[in-house]
Protein chains: 4
Amino acid sequence: MSLNKVMLIGRLGADPELKYSQSGTPVARMRIATSETYTDREGNRQESTEWHTVVVFQRQAENCANYLSKGSMVYVEGSLQTRQWQDQQGQNRYTTEIKGQRVQFLDRKGDGPGAPAQGGGERRSFQQPQQSQQRGGRQAPPADDGFDDLGPAFPSEVSGMDDVPF
Amino acid sequence: MSLNKVMLIGRLGADPELKYSQSGTPVARMRIATSETYTDREGNRQESTEWHTVVVFQRQAENCANYLSKGSMVYVEGSLQTRQWQDQQGQNRYTTEIKGQRVQFLDRKGDGPGAPAQGGGERRSFQQPQQSQQRGGRQAPPADDGFDDLGPAFPSEVSGMDDVPF
Amino acid sequence: MSLNKVMLIGRLGADPELKYSQSGTPVARMRIATSETYTDREGNRQESTEWHTVVVFQRQAENCANYLSKGSMVYVEGSLQTRQWQDQQGQNRYTTEIKGQRVQFLDRKGDGPGAPAQGGGERRSFQQPQQSQQRGGRQAPPADDGFDDLGPAFPSEVSGMDDVPF
Amino acid sequence: MSLNKVMLIGRLGADPELKYSQSGTPVARMRIATSETYTDREGNRQESTEWHTVVVFQRQAENCANYLSKGSMVYVEGSLQTRQWQDQQGQNRYTTEIKGQRVQFLDRKGDGPGAPAQGGGERRSFQQPQQSQQRGGRQAPPADDGFDDLGPAFPSEVSGMDDVPF
DNA sequence: TTTT
DNA sequence: TTTT
């Protein structure tokens, strides 16, 4: 019986990096900042920023790479994982990352595929890099793409309460 | 920007009820108890129990009906939803339920399909009620059936950190 | 072993109501909306809103009454509690509420006591109702008043990592 | 607007280490294991363990040192923090820890100060090391000591719903 | 380095 | 009854 849960709301410090594992799995890595404000002894507002590394896989990795960029605000739910690796001196080093199970995109809510583009949220074209600046190739996002608010992970219509037979 | 999140760990007060919505969607309803212990002013341990109604849908509803029973311990992640309905006097009444997005089964961990049955955890036969007492019809649970610990919602192998290409 | 946890981010539908229990405990009640957006089958953005009742106690109740108002955005952490009561017909009715253990104020962060007032965030004067429209009586909020981001519940300086002796 | 939240349930891999910062603040460090079980492709149960470092401060640090030991099960709520430090080669290294805001003790619930000792849960005597094996010096734990279930962080009686004036 |  |  154990629980390993992380929940973050923050902004990307850079565009997501998308790579592929040796077995071909899409993997995206994102740096996300969370900020805590507090009042110090002199009564001044202070802010301290914490940086997190989030790794996501599969279709979600591709969605993140396609729709998120530096400055995007996201909600991330995942678990903590510490990886061991070796530095150039052959010493064991450890890196703690958040394995993201769910990433929700918090910018530009209400802006679906038919909405006018306004400087953000359009599909970034990782897979067609030659179009990356031309902004003409926007596509409708897939059904469960992260453009959702922080309610359930799945669309309401799939599991609506309207028709609960109890 | 909003968040609507509930996390519970508790035990079922009764077997799950499985019904089907008019559109044929499987829906399971479970009553789950959480208990809080605290020390009163006299220094005595006190316990207060809270009862929650959890509703799950689709395949997860069937898994709950098949594998959970009165007394089972579960982890539930979901969202709050309040339904309006009318009582016999035609008055509006409200019922708050937890729409479960994830239910993890916390009993009998380590007991996979090949493990010996020991008084719990076997498949209950909602869909073959005539076998419901004979216990002979056990089946291997499906791949993502809730018999998992409280880590990520998805199997590690699907998104292992071993092969992160960064 | 049980867990009963609710986390909400949403906006108040009305000003908080502050009352006092028979034993004199300050109790604030707030209605909070969370909204979920999703894409329906026709590909249109839909929004569904859920309303929650949050009850907080003691100093936090007073802080909420003093600093929050209709439209304020808050983060609430608490637990689910269902109260039984009797309607006029003497029938048992049940109301589920969130007992708030922590309420963070998400509007106007960075606006401490020395910051200029700009249409929100000033202290509402529940305890001096005759001044409630004149807005001149602003006070410095107390040290742990909810004007904090969604990090730890307690100020960093109390438990900073800078000086961890390991 | 940001959120930085970690929730763990797991067991201590060793007794807590209690130290004092230069300013005299008690600081406890604990290693906590969470285990995830999953079914591999061959249908076998697999378990993978993740180790976390939790740091707590002040009175909670002392409570952890006094009441927890190797093997104790705890619920931890906190936030992620990455500290920078320098190794012997003068290189920057980073360590990610969980700053615990709340630690609940999950073993032996219902065993208050008047309950018979049975091999666990008694006060460990960090501050009176000469008594550390004799087990005679048990003390009543303080009011909010972590011997509580996973409900609200504060005792029910302080903020009971029985007397809500709405 | 925990536990079942 | 909130908000974008």
Q | Inter-residue pairs, beta-carbon under 6 Å, first at pLDDT 95 or above and in region A:1-27, second within 16 Å of DNA strand E (Cβ to nearest atom) and not in a strand (DSSP E or B), 6+ apart | A | A:4/B:151
(Q) Quick check on my filter: what residues within region D:32-44 are within 11 Å of DNA strand E (Cβ to nearest atom) and out of contact with any Phe, Trp or Tyr (no Cβ under 6 Å at 6 or more places or on another chain)? (A) D:32, D:34, D:35, D:36, D:37
Q) Does residue D:101 satisfy the criteria of being in a strand (DSSP E or B) and away from DNA strand F (no atom under 16 Å from the Cβ)? A) yes
Q: Give region C:26-50 a look and list any residue that's more than 16 Å from DNA strand F (Cβ to nearest atom) and within 24 Å of residue D:150 (Cα to Cα), or say none.
A: C:27
**Q.** Which listed residue is closer than 24 Å to residue C:49 by Cβ and touching a strand residue (DSSP E or B) at 6+ places or on another chain (Cβ under 6 Å), from B:75, B:94
**A.** B:94
Q: Search region C:4-32 for residues being assigned to a strand (DSSP E or B) and β-branched (Val, Ile, Thr), and hand back the single one that is farthest from residue C:50 (Cα to Cα).
A: C:27
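Only one of A:38, A:94 is surrounded by 18 or more Cβ atoms within 10 Å (Cβ to Cβ), at pLDDT below 95 and in a strand (DSSP E or B); which?
It is A:38.
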Q. Of the residues B:62, B:77, which is within 30 Å of residue C:85 (Cβ to Cβ) and buried (at least 18 other Cβ atoms within 10 Å of the Cβ)?
A. B:77
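Among the residues that make up region D:118-138, is at least one of them over 28 Å from residue A:50 (Cα atoms), hydrophobic (A, V, I, L, M, F, W, C) and modelled with pLDDT of 75 or more?
So far as region D:118-138 goes, no, none of its residues is over 28 Å from residue A:50 (Cα atoms), hydrophobic (A, V, I, L, M, F, W, C) and modelled with pLDDT of 75 or more.
So which residues in region C:43-72 are under 18 Å from residue C:18 (Cα atoms) and outside any helix (DSSP H, G or I)?
Of everything in region C:43-72, those that are under 18 Å from residue C:18 (Cα atoms) and outside any helix (DSSP H, G or I) turn out to be C:52, C:53, C:54, C:55, C:56, C:57, C:68, C:69, C:70, C:71, C:72.
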Q. Would region C:19-32 turn up any residue that is within 13 Å of chain A (Cβ to nearest Cβ) and hydroxyl-bearing (Ser, Thr, Tyr)?
A. no
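From the list D:7, D:1, pick out the single residue that is within 10 Å of chain B (Cβ to nearest Cβ) and within 16 Å of DNA strand F (Cβ to nearest atom). So that I can check it myself, show each step before the final result.
Numbers: D:7 fails: within 16 Å of DNA strand F (Cβ to nearest atom).
Only one candidate qualifies: D:1.
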Q.
Going by what's in this entry, would residue B:75 be described as without any contact (Cβ under 8 Å) to a residue 60 or more places away in the chain and within 14 Å of chain D (Cβ to nearest Cβ)?
A. no
Q: Looking only at region D:45-93, count how many residues are more than 11 Å from DNA strand E (Cβ to nearest atom) and among the basic types (Lys, Arg).
A: 3
Q) Inside region D:9-27, can you point out the residues that are buried (at least 16 other Cβ atoms within 10 Å of the Cβ) and within 14 Å of DNA strand E (Cβ to nearest atom)? A) D:9, D:10, D:11, D:12, D:15, D:16, D:17
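Yes/no per residue for (1) in contact with a Lys or Arg (Cβ under 6 Å, 6 or more places away or on another chain); (2) within 13 Å of chain D (Cβ to nearest Cβ); (3) surrounded by fewer than 21 Cβ atoms within 10 Å (Cβ to Cβ):
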{"residue": "B:43", "(1), (2), (3)": "no, yes, yes"}
{"residue": "B:47", "(1), (2), (3)": "no, yes, yes"}
{"residue": "B:85", "(1), (2), (3)": "yes, no, yes"}
{"residue": "B:105", "(1), (2), (3)": "no, yes, no"}
Q | So residue A:48, is it more than 27 Å from residue D:93 (Cα to Cα) and in contact with an Asp or Glu (Cβ under 7 Å, 6 or more places away or on another chain) | A | no
Q) Somewhere in region B:60-67, is a residue more than 9 Å from every other protein chain (Cβ to nearest Cβ), among the acidic types (Asp, Glu) and at negative phi? A) yes
Q: Identify the single condition in (1) out of contact with any strand residue (DSSP E or B) (no Cβ under 6 Å at 6 or more places or on another chain); (2) away from chain A (no Cβ under 14 Å) that residue C:54 does not satisfy, given that it satisfies every other one.
A: (1)
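Being at pLDDT below 95, on the phi < 0 side of the Ramachandran plot, in a strand (DSSP E or B) and of a type in the set (S, T, N, Q) is the requirement here; does residue D:84 meet it? If you could, list the steps in order and put the result at the bottom.
Values: at pLDDT below 95: yes; on the phi < 0 side of the Ramachandran plot: yes; in a strand (DSSP E or B): yes; of a type in the set (S, T, N, Q): yes.
Considered against the rule, which asks whether it is at pLDDT below 95, on the phi < 0 side of the Ramachandran plot, in a strand (DSSP E or B) and of a type in the set (S, T, N, Q), residue D:84 comes out as yes.
The values are calculated or read from the model by the stated rules, or taken from the named source; none is laboratory data. Only a predicted model underlies this, so the values are computations on that prediction, with no experimental measurement involved. Cβ sites come from the backbone with ideal geometry, for glycine too, and all protein chains shown count toward neighbours.
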